[in-house]
1. Quick one: of LYS12/LYS84; LYS12/LYS62; LYS94/LYS153; LYS42/LYS94; LYS42/LYS91; LYS3/LYS42, which pairs are farther than 18 Å apart, Cα to Cα?
2. Let me know the longest stretch in the chain that avoids all GluC sites (Glu not before Pro) found in a DSSP loop with at most 16 other C-beta atoms within 10 Å.
3. With θ taken as phi - 60° and the coefficients 6.51, -1.76 and 1.60, list the Karplus ³J(HN,Hα) couplings across the stretch 40-46 in order, rounded to whole Hz; mark glycine and proline as x.
4. I need to check one value: relative contact order of the chain, counting alpha carbon pairs closer than 8 Å and at least 6 residues apart, in percent.
5. If amide H atoms are built 1.01 Å from N in the plane of the peptide, which residues on other chains or at least 5 residues away come under 5 Å of the amide H of ILE134?
6. Subtract the Cα-Cα distance of ASP159 and ASP67 from 0.36 nm times their separation in residues, and report this length gain in nm to one decimal.
7. For the stretch 2-170, just the Cα atoms, rotate onto the principal axes and tell me the three extents in Å, largest first.
8. Where does the chain land at 222 nm, in deg cm²/dmol rounded to the nearest 500, when only DSSP H runs of n ≥ 4 count, each adding -39500 (n - 2.57), divided by all residues?
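Values quoted throughout were computed directly from the atomic coordinates according to the rules given, and no laboratory measurement underlies them. All of these numbers come straight from a predicted model, not from anything done at the bench. Every residue, glycine as well, gets a Cβ built from its backbone with ideal geometry; the counts of neighbours run over all protein chains shown.
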Amino acid sequence: MSKALVVIDVQKYFVVDRAANLPNKIAWHIKENDYDHVLFLKFRNDPQSNFHKLLNFSEVTKAPATDIHETLTEFVTDNNVFEKTTYSAFKAEKFVEYLKEHEVDALDLCGISFDACVLSTAFEAFDLGYEVNILDHLCSVSSISSELEDAAKIIVTRDLRKREFRSKREV
């Protein structure tokens, strides 16, 4: 079994405001850690998606907006970038196939948007039986506000971090 760093949506379009320094932090993390796999997910907004139809979000449909941020391109290969058109990385068939083929069972997640795509991927990974670790210090929201980032940290701590559970009856 093996462990992968999964970098979610650190693309030219999303690296703004609070996320501006995130690519540098992730690049340093990759250089300082020994992962079996470093995988990149990139979001492409399909015109038939609910992002268009329900949210009226019509951006991030093609390069350069969909490109992985240039700070991270030294880690990109022909086999480690997967395109998704949804919040969760697990809707990208080739990503799921890669994890199965390489017997990946543990995932360190980082990227943008902590409150949406990273969180959605984390919950789905958890539900599918992966060991999930969210690297909070390597996550950001694309918004200038810290409110969504703080909320995501609370949700992760409550629902995805190991802790001792006690029954209400025991209290």
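1. Where the Cα-Cα span goes over 18 Å, the pairs concerned are LYS94/LYS153; LYS3/LYS42.
2. 104-163
3. Once rounded to whole Hz, the list reads 10, 10, 10, 8, 10, 7, 6.
4. Details: 275 pairs, mean separation 48.8, N = 171.
Value for the chain: 29 percent.
5. The answer is LEU109.
6. Value of the extension gain: 30.0 nm.
7. Ordered largest first, the stretch 2-170 gives principal extents of 55, 35, 30 Å.
8. Computed mean residue ellipticity for the chain: -7500 deg cm²/dmol.
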